[in-house]
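The values are calculated or read from the model by the stated rules, or taken from the named source; none is laboratory data. Nothing here was measured: the structure is a model prediction, and the numbers come from that model. Because the Cβ atoms are built from the backbone with ideal geometry, glycine has one as well, and the counts that use them run over all protein chains shown. Note: areas computed on protein heavy atoms with side chains; ligands, DNA, RNA excluded. Shrake-Rupley method; radii C 1.70, N 1.55, O 1.52, S 1.80 Å.
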Amino acid sequence: MPEWFRTFFDRDYLDRYARVTDEEVTQREVDGLIHALELEPPARVLDLACGYGRHAVVLARLGYEVTGFDLSFDLLAEAELRAQGAGATVRLMEGDMRKLPFVHEFDVVVNLFTSFGFFDDERDSRRVMEGVHAALDEGGRLLLDVINRDAILRDFQPRLWRETDDGYVLSESEYDPARSRLTGRQVHVSAKGRVAESSFSVRLYSMHELRALIEAAGFEVESVYGGFDLSAFELDSPRIVMVGRRP
Ligand SMILES: C[S@@+](CC[C@H](N)C(=O)[O-])C[C@H]1O[C@@H](n2cnc3c(N)ncnc32)[C@H](O)[C@@H]1O
């Protein structure tokens, strides 16, 4: 599949995901990550693949020095508007996570809501982790939050639908065990009859694979949780929330 992530995260993504990433959800995630990292302002935080800035803006309002980095012009434009609306200062940068331009600039890098595993070539994923490692100061930490593959596969639903503010989204996907990839499409049908279709393909990770990946980039894994409630990680945990330290 061509680089689907260049078009998937457009303005329609905002509508498709508005309900599942609302303010309440975001606040819970921010509270969880602050506790997991025992993070005190004004720590320097890179929100890698910040999307429309929902975490970055909340963190900046709490006094952290936040940089948001993302590939999507549409989502960055929305992040800019939201930061202005909230009176928050966030440095927003457009770029590809495979080519991170930072050297020893951050205390913490967060990568949230399954913003990892997009690339076809595994070497690209390794490159991202090496870039994250280089972006951190010594002793700096990475918090990764991705969906837990093992839990998804125990109750795999190839067809799912959910309501949006103006219609519904149908998600159809299939899982390829040879490559651990979930590939499919989302069809967004609005009440006015507008139909938008977007394709995706994501590499899913089990906990031990994610651990091996970040260890190979030079991190030491400090803790692994099953979600932002910071529950212990288990087979059925919805998320893998992994904290690694650059020694
Ligand atoms: C699932 S969204 C999550 C966004 C945000 N972290 C959140 O929780 O709302 C994934 C994000 O990754 C970004 N992205 C995809 N490919 C990227 C790349 N190669 N480099 C940087 N960002 C990328 C997308 O534009 C999108 O904003």
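Summary table below
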quantity: Looking only at the stretch 4-44, and only at residues there that are within 10 Å of the ligand (Cβ to nearest atom) and without any contact (Cβ under 8 Å) to a residue 24 or more places away in the chain, the one that is surrounded by the fewest Cβ atoms within 10 Å (Cβ to Cβ); calculated: Val25
quantity: Residues that are aliphatic (A, V, I, L, M), surrounded by fewer than 18 Cβ atoms within 10 Å (Cβ to Cβ) and near the ligand (Cβ under 9 Å from one of its atoms), drawn from the stretch 72-96; calculated: none
quantity: Val58 vs. criteria touching a Leu at 6+ places or on another chain (Cβ under 8 Å), assigned by TED's automatic domain parsing to the domain that holds Leu230 and either within 13 Å of the ligand (Cβ to nearest atom) or within 23 Å of Tyr205 (Cβ to Cβ) (or both); calculated: no
quantity: Conditions (1) under 24 Å from His188 (Cα atoms); (2) out of contact with any strand residue (DSSP E or B) (no Cβ under 7 Å at 6 or more places or on another chain); (3) surrounded by 16 or more Cβ atoms within 10 Å (Cβ to Cβ); number of the one not met by Asp165; calculated: (3)
quantity: Filter result (of a type outside the set (A, V, I, L, M) and not in a loop (DSSP other than H, G, I, E, B)) within the stretch 203-230; calculated: Arg203, Tyr205, His208, Glu209, Arg211, Glu215, Glu220, Glu222, Ser223, Tyr225
quantity: Lone unmet requirement of (1) within 15 Å of Met93 (Cβ to Cβ); (2) away from the ligand (no atom under 11 Å from the Cβ); (3) buried (at least 20 other Cβ atoms within 10 Å of the Cβ) for Asp47; calculated: (2)
quantity: Answer residue from the stretch 97-126, given it is open to solvent by 60 Å² or more (accessible area, probe 1.4 Å) and under 21 Å from Glu65 (Cα atoms) and is nearest to the ligand (Cβ to nearest atom) among those; calculated: Pro101
quantity: Tally, over the stretch 108-127, of residues that are closer than 25 Å to His35 by Cα and either out of contact with any strand residue (DSSP E or B) (no Cβ under 8 Å at 6 or more places or on another chain) or among the hydroxyl-bearing types (Ser, Thr, Tyr) (or both); calculated: 2
